[in-house]
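Only one structure is covered here, and it is reproduced in the block below.
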Amino acid sequence: MTSIQSPLRVFLLRTSVIHEHSCLSTLDCTMWRLLAGFVLLLCAADATPVGGRTVPDFGKMYHVKGELSLPYSGDKLKEPFEVWYDIEGNRSRIDYRNSTVRTFLIGNDLDYGAIYQITPVTTETEIQAIKYFQLNGTKEDPIRPQTALPDLQDFEFEKMEDYAGVQCEVWKKVTQAGHKKNTYRLWVTRPEGSDSPAVPYHYEMMGFNTLLESHNDKYMIDYSDFSPRTESDIFITPEGTYEEFPDPPEEHQILANPLQDYVHTSPVSHAHRLFGPFKKKFERQYGSEKEHEDREMYFVHTLRFVHSMNRAGLTYSLGINHFADRSKAEIPRMTGGLLIPDKKKAVTK
């Protein structure tokens, strides 16, 4: 196989030979110094593109639609959403399930920004009552516009691929924390040529647990209708009497900004961090580290399912109970076979 060497490596090899021949003239040495500077500049110029491709930049403002798929949660759940993003205006808006739930993230409100959410809520006394919730930012955790797309810092160009009949660039990033090793991929198109602005097409996270030696997590987002423009009036917050998000307080962040958990590129999400309060509340103690990892993943899948279903504007609401860290197959055995609930009923309040 032919070896292809970089210009810098070729130069270094050549200079090592030169030093072995002291008969070179001063003029020769000067020429080689100039060539060294040229090669270093060439290498620096090549550092910006990745794999010969320009890293996708979706701009400071855009509108995009998406559909979140959760194949490991419930009945292969799918949830549509729509995002308006304006980083210069320090604001974004995210609507879930055809505007059933509307969320406004306004970074310039109050001292550290605020999140406003308008959503139907069903309780023991009300069905689909429209509620207005507010979460204020703090100095330690200010509110910022929420993007619909992953931050592509540290992503690398992987390959060209035909995805669902569309030719796409595939960008990849792998992260690991403890036993959690996640692989993130973003498929983008360039409708006007290889040097034209990128358009998001598909996003996917595949989680692998090194202790369990299995893939135990996955979610996907299909994008459509991407546009580099938004209308300013789309960010106007509806008038109403806003109140704090309902208890428990540790769930406020994930209730106010659920999309954040899916476009981040960290193996540990808000959903994972809620496993600690769950264990404390239900006095969970597991027999091994392996069982702990397994139970944590069941809990995360259940939590995602519960929150997604509660954004659907149904005539009932779901909540986390003592079955949340159990698999769908385990629940019938735990209820003596008298009840074979699906996950939806298992977590109903």
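The values are calculated or read from the model by the stated rules, or taken from the named source; none is laboratory data. Just so we're clear, the structure is a prediction, and the values are computed from it rather than from any experiment. So basically every Cβ, Gly included, is an ideal-geometry build from the backbone, and we count neighbours across all protein chains shown. Side chains are part of the model used for accessible areas, which takes the heavy atoms of the whole protein and leaves out ligands, DNA and RNA. Shrake-Rupley method; radii C 1.70, N 1.55, O 1.52, S 1.80 Å.
So, for segment 231-339, what is the accessible surface per residue at a probe of 1.4 Å, expressed in square angstrom? If you can, show how the numbers build up before the last one.
Working: 5510 Å² over 109 residues.
About 51 Å² of surface per residue is accessible.
Only aspartates and glutamates eight or more places from Lys60 in sequence, or on another chain, were considered; those with a Cα closer than 15 Å are Asp86, Glu88, Asp151, Glu231. Using a probe of 1.4 Å, the accessible surface attributed to Arg311 totals some 30 Å² when neighbouring protein chains are kept in position. Per-residue packing, averaged as other Cβ atoms within 10 Å, sorts the ranges 144-154, 204-214 into the order 144-154, 204-214, beginning with the highest. By the scheme Lys and Arg +1, Asp and Glu -1, what is the net charge of all other residues having a beta-carbon under 14 Å from that of Leu186? Its environment carries a net charge of -3. A probe of 1.4 angstrom, applied to the heavy atoms of all protein chains, finds Asp217 with accessible area near 10 square angstrom.
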